[in-house]
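Report on the following structure.
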Amino acid sequence: MTDAAILPATTPFLGLPIARLSPDEAVAAVLQRADAPHFSYLVTPNVDHVVQLDRMRRAGDSRGDAFAAAYADAALILCDSRILQRLAKLSGLDLPLVPGSDLTRMLLADPRMAGRTVAIVGGSETLVAALERVTPGIAFVQLRPPMGVLRNPEAMAAIETFVADQRADVVLFAMGAPQSEIAARQCLKAGRSRGIGLCIGASLEFIIGEKRRAPPWMQRMGMEWAFRLGSEPRRLWRRYLVEGPRIFAIWARQR
């Protein structure tokens with residue numbers, strides 16, 4: 001199957017072509033690309049991603065250009081944020097919501113994943129053992145890069161080599177943004193890998209219970225950020241209380 005055969009319709013918002021896919025359709029698209037002989041990857045923008053990208057590019061940070069290029073070369077862009085979805089609605093746009101954590105959970109639970117190989121870039125020492133307990137039937141392999149991979153060409157090269165050598169159906173980049181997206185693009189540009197990569201943030205930590213997601217009612221209200229802030233205030237206070245509100249100025253500027 002060619003890539004063109006599975007490209008969905010998109011809606012442009014904040015400069016990003018958001019794929020018009022339901023969660024079930026997104027899982028099907030991932031599984032189709034998992035069988036592809038050439039590598040592709042998907043990204044799931046949220047408020048933090050959009051703010052980071054805007055801040056780095058306005059500051060002349062070279063990482064901003066690399067982050068933007070990673071988004072430009074992604075095969076699929078899925079809206080991860082109810083806040084972005086609601087800002088889009090105020091702009092007269094109807095964006096489907098496919099949270100990255102939900103997509104990862106649905107994918108690993110899908111019976112069509114049985115017997116497949118999943119490569120993980122990032123995560124803790126106990127991650128694979130925990131995943132094997134909750135998602136039997138999938139073969140997991142893992143690379144745990146050092147911190148600061150964007151400033152470490154050898155570590156970035158090791159990620160590309162690992163993904164190319166494993167020939168996995170699915171690659172889960174679990175290093176956070178923009179490291180995951182930039183590493184995924186490097187694998188694409190090297191041209192040695194196959195299957196599909198997902199830039200998934202903390203999704204695996206939610207699946208194995210290392211971190212808790214907000215209750216469904218908080219998710220529906222778009223208050224998942226408040227739950228995460230309450231769970232990890234020292235790590236996340238700046239992201240949600242200082243950086244995050246800048247999304248409203250970005251949205252107003254780009255309307």
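The values are calculated or read from the model by the stated rules, or taken from the named source; none is laboratory data. All figures in this text were calculated on a predicted structure; none of them were measured in a lab. Glycine also receives a Cβ, built like all others from the backbone with ideal geometry; neighbour counts cover every protein chain displayed.
For region 178-195, name all the residues that are more than 17 Å from Asn152 (Cβ to Cβ) and part of a loop (DSSP other than H, G, I, E, B).
Listed by number, the residues that qualify are Gly191, Arg192, Ser193, Arg194, Gly195.
Within region 222-255, how many residues turn out to be part of a loop (DSSP other than H, G, I, E, B), surrounded by 12 or more Cβ atoms within 10 Å (Cβ to Cβ) and in contact (Cβ under 8 Å) with a residue 60 or more places away in the chain?
2
Being at pLDDT below 95, farther than 22 Å from Val163 by Cβ, crowded, with 17+ Cβ neighbours inside 10 Å and not polar (S, T, N, Q) is the filter here, so list the residues in region 52-79 that pass it.
Leu53, Asp54, Met56, Gly64
Considering only region 225-249, how many residues are under 16 Å from Asp54 (Cα atoms), aliphatic (A, V, I, L, M) and within 21 Å of the chain's Cα centre (by Cα)?
Final tally of qualifying residues: 1.
Taking the stated definitions as given, is Leu53 in contact with a helix residue (DSSP H, G or I) (Cβ under 8 Å, 6 or more places away or on another chain), under 20 Å from Ala26 (Cβ atoms) and either among the hydrophobic types (A, V, I, L, M, F, W, C) or in a loop (DSSP other than H, G, I, E, B) (or both)?
Judged against the criteria, Leu53 is not a match.
Being surrounded by 16 or more Cβ atoms within 10 Å (Cβ to Cβ), assigned to a loop (DSSP other than H, G, I, E, B) and under 19 Å from the mean Cα position of the chain (by Cα) is the filter here, so list the residues in region 111-162 that pass it.
Gly123, Pro145, listed by residue number.
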